[in-house]
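One structure is given below, encoded as structure tokens.
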Amino acid sequence: MSPIGAIRSLGNRLGLAWWAKIETDNPNSIYWFGPFLTKKNLQSKVIGFMDDLSEEGVGSIDHSFVRCRRVEPLTY
């Protein structure tokens, strides 16, 4: 694991990591995108993830940014 990956992992275990919670219709799903060390970095990366979902033909997409600890599953 890279040094940055190790720091992200530690930040997540401590509940300090930033995640995007992305909710879609058709299918009704929740995706967790992260972890990120900074909210600014997450904001710059989440657009591409949401674009990918849009290209797959999902219904509406809503998102929020959350600082928390996440474990599997990251999609449900």
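Each value in this text was obtained by applying a stated rule to the coordinates, not by laboratory testing. Worth saying up front: this structure is predicted, and the values here are computed from it rather than measured. Virtual Cβ from ideal backbone geometry, glycine too; neighbours counted across all protein chains shown.
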Of the candidates 43, 26, 63, the farthest towards the positive dipole end of the chain (Lys/Arg Cβ +1, Asp/Glu Cβ -1, centred on the Cα centre) is 43
For peptides 5-12, 69-76, sequence by mean Cβ density within 10 Å, most packed first: 5-12, 69-76
Using only Cα atoms, find the angle between the long axis of helix 3-13 and the longest principal axis of the chain, and express it within 0 to 90 degrees, rounded to the nearest 10. 80
In debye to the nearest 20, the charge dipole size for the chain, taken about the Cα centre with +1 at each Lys and Arg Cβ and -1 at each Asp and Glu Cβ, equals 700
Using the Karplus equation 6.51 cos²θ - 1.76 cosθ + 1.60 (θ = phi - 60°), what ³J(HN,Hα) coupling, rounded to whole Hz, does each residue of the stretch 16-28 give in order, writing x for Gly and Pro? 9, 7, 9, 10, 9, 9, 10, 10, 10, 9, 6, x, 6
If a/c stays under 1.5 just call it rounded; otherwise compare a/b with b/c (prolate if a/b is bigger, oblate if not). Do that for the stretch 1-45, with a ≥ b ≥ c from the square roots of the Cα gyration tensor eigenvalues. prolate
Cα-based helix-to-principal-axis angle, 39-55 vs the chain, degrees rounded to 10: 30
With Kirkwood radius over Cα pairs in Å in mind, check (i) 12.8; (ii) 16.7; (iii) 12.1 and report the label derived from this structure. (i)
Hey, rough spin-label estimate for residue 45 and residue 9, points 7 angstrom out along Cα→Cβ, what's it come to in nanometres? 1.5
The chain: most fluctuating residue of 16, 42, 53 per GNM, C-alpha cutoff 10 Å: 53
